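Here's the structure we're looking at; comments come further down.
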Amino acid sequence: MAGLRIQWSTPWPARGRGLADRPAVIALYPNRGLSFVRGEGAYLFTRDGARYLDLMTNYGASLLGHSHPAVTAALAEQLGRVVTMHGSFGSDVRARASMAIVDRLPMPGAGICWLNSGTEAIEAALKFAIVATGRRHFVAGAGGYHGKTFGALSVTHAGKYRALFDGCLLPVDHVPFGSVAAVDAAITADTAAVIVEPIQGEGGIVVPPNGYLGALRDLCSARKVLLVVDEIQTGAGRTGRFTESEREGVEPDILCLGKGLAGGIPVGITAVTPAVSERLAKGVHTSTFGGNPLAAAGVLATLSVLTAEFLAGVERLGQDWRARLASIESDRLALVRGRGLMVGVVVRGDRDRALKHLQKEGVLAIPAGEDVIRFLPPLVVDADQLAHATEALDRVLSALDP
């Protein structure tokens, strides 16, 4: 069987040796032609001192930017104490971080499972849903992305990721995102759960109709299936609220977090209601490194920054920036959408070429969907930096061939 190949039509602008610095690494990623040695705030620096405005933040994992003082200090202190501690033993920092997370969730009495990535959190969520209900079928959104391990890949929609593994995946129906009626029609007697991103990230920063998440909650309750909300990209303050579930007043049965929750240290969280947790036997899902004290310290440091005042500022800054982006006078700009600092710019024409030219301008962004430039700035970005990015995008769109 031929391997999956994902290629860019033209090479990325090079500075330094890029991924050639690591010849032993399998070439599973596009080579963007850059190699970074240092980061500070919203910037990354190459070996020769070139500075780039990082508005992709490692696909959202560097939530507070690079070398944030609160995160750096917490990690340094924890490194001198203990780094790894198996879940069969107690950990003071893990206990404090667990309570701090639960206190932020719209799920009274929730319990959490610590993991090491968002994809792992989805794997646990799917397993927990199967165990709690005794059923195996799932309903997910067309255009949705939840990861690439077997369970997560099952509920991910894109054929380019699924094609090589047909026959290995869970039974899933993918239905139009934003349509409650389509979800209702897809639920069967064997449906364990409906899984949804509050805003689709990889799918193109697609914001559903107002009230969609709440309507799904009502539907799942009426049809007696679980609601799994994937907040891996939207959560931890990215949209100006700690979770979008909170904004919508929705209590999921299972909620997943990850990305930047630990300030850049790998982490995944699967939170469940008491009704789900009481059905989970010991050993149904564990992780050697899940809940390690280093990640827990990163979580505590990150949460200390994400105050209500800070998150309100994120929401305001995002609103202002989206308005500024939408004011760009270019036929190449079709639409600006998103929430908080999760922003998508829909481009008419060669989106990938626009991304490469943005990189030449010193601004890092990533693709989403078929025609979207995705911006996931660090939450510590300021208005001047975003203004610089807007001006760069304006120049890039103006330079694209008509």
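The values are calculated or read from the model by the stated rules, or taken from the named source; none is laboratory data. On a predicted model such as this, the values are computed, not experimentally measured, just so you know. Here the Cβ positions follow ideal geometry from the backbone for every residue, glycine too, while neighbour counts run over all protein chains shown.
Counting the residues of region 111-130 that are surrounded by 21 or more Cβ atoms within 10 Å (Cβ to Cβ), over 17 Å from the mean Cα position of the chain (by Cα), outside any strand (DSSP E or B) and of a type outside the set (Phe, Trp, Tyr) gives 2. Residues that are surrounded by 17 or more Cβ atoms within 10 Å (Cβ to Cβ) and of a type in the set (S, T, N, Q) were ranked within region 133-158; the one that is nearest to GLY203 (Cα to Cα) is THR156. The C-beta contact set for region 342-371 (first residue in contact (Cβ under 8 Å) with a residue 24 or more places away in the chain, second residue among the β-branched types (Val, Ile, Thr) and part of a loop (DSSP other than H, G, I, E, B), distance under 6 angstrom, 6+ apart or interchain) comprises MET342/THR239; GLY344/ILE205; ALA368/ILE205. Scanning region 159-171 for residues that are surrounded by 21 or more Cβ atoms within 10 Å (Cβ to Cβ) and not in a helix (DSSP H, G or I) turns up nothing.
Restricting ALA193, ALA215, ALA182 to those that are of a type in the set (A, V, I, L, M, F, W, C) and under 18 Å from ILE130 (Cα atoms) reduces the list to ALA193. Surrounded by 24 or more Cβ atoms within 10 Å (Cβ to Cβ) and within 17 Å of GLY144 (Cβ to Cβ): is that true of VAL194 in this structure? The answer is yes for VAL194.
Residue-level check: of (1) assigned by TED's automatic domain parsing to the domain that holds LEU53; (2) under 30 Å from VAL93 (Cβ atoms), VAL299 misses just (1). Could you check, for region 58-69, whether at least one of its residues is loosely packed, with under 13 Cβ neighbours inside 10 Å and of a type outside the set (Asp, Glu)? Yes, region 58-69 contains at least one residue that is loosely packed, with under 13 Cβ neighbours inside 10 Å and of a type outside the set (Asp, Glu).
Per the listing LEU335, LEU341, the residue uniquely at pLDDT 95 or above and buried (at least 18 other Cβ atoms within 10 Å of the Cβ) is LEU341. For region 80-92, check the following and say yes or no: at least one residue is outside any helix (DSSP H, G or I), over 17 Å from ILE232 (Cα atoms), charged (D, E, K, R) and in contact (Cβ under 8 Å) with a residue 40 or more places away in the chain. Yes, some residue in region 80-92 is outside any helix (DSSP H, G or I), over 17 Å from ILE232 (Cα atoms), charged (D, E, K, R) and in contact (Cβ under 8 Å) with a residue 40 or more places away in the chain. For ARG96, indicate whether it is among the charged types (D, E, K, R) and more than 22 Å from the chain's Cα centre (by Cα). Answer is yes for this residue. For VAL299, the requirement of being in contact (Cβ under 8 Å) with a residue 40 or more places away in the chain, within 30 Å of LEU397 (Cα to Cα), crowded, with 23+ Cβ neighbours inside 10 Å and of a type in the set (A, V, I, L, M) is not met. Selection of region 203-252 for residues being of a type in the set (Ser, Thr, Tyr) and closer than 18 Å to ILE122 by Cα yields THR234, THR243, SER245.
Looking at GLU244, is it within 26 Å of ARG316 (Cβ to Cβ), under 12 Å from the mean Cα position of the chain (by Cα) and either of a type outside the set (Lys, Arg) or in the same structural domain as VAL139 (by TED's automatic domain parsing) (or both)? No, not satisfied. Of the residues making up region 242-259, just one is within 15 Å of GLY338 (Cα to Cα) and surrounded by fewer than 24 Cβ atoms within 10 Å (Cβ to Cβ), namely ARG247.
For the subset of region 312-330 comprising residues that are buried (at least 20 other Cβ atoms within 10 Å of the Cβ) and aliphatic (A, V, I, L, M), which member is nearest to THR390 (Cα to Cα)?
Applying the filter and picking the extreme gives LEU325.
Scanning region 75-127 for residues being among the β-branched types (Val, Ile, Thr) and either in contact with a Lys or Arg (Cβ under 7 Å, 6 or more places away or on another chain) or modelled with pLDDT under 95 (or both) gives a total of 1. Annotation note: Cβ proximity below 8 Å between a residue of region 175-201 that is outside the structural domain of ARG374 (by TED's automatic domain parsing) and a residue that is modelled with pLDDT under 95 (sequence gap 6+ or interchain) occurs for PRO198/GLU248.
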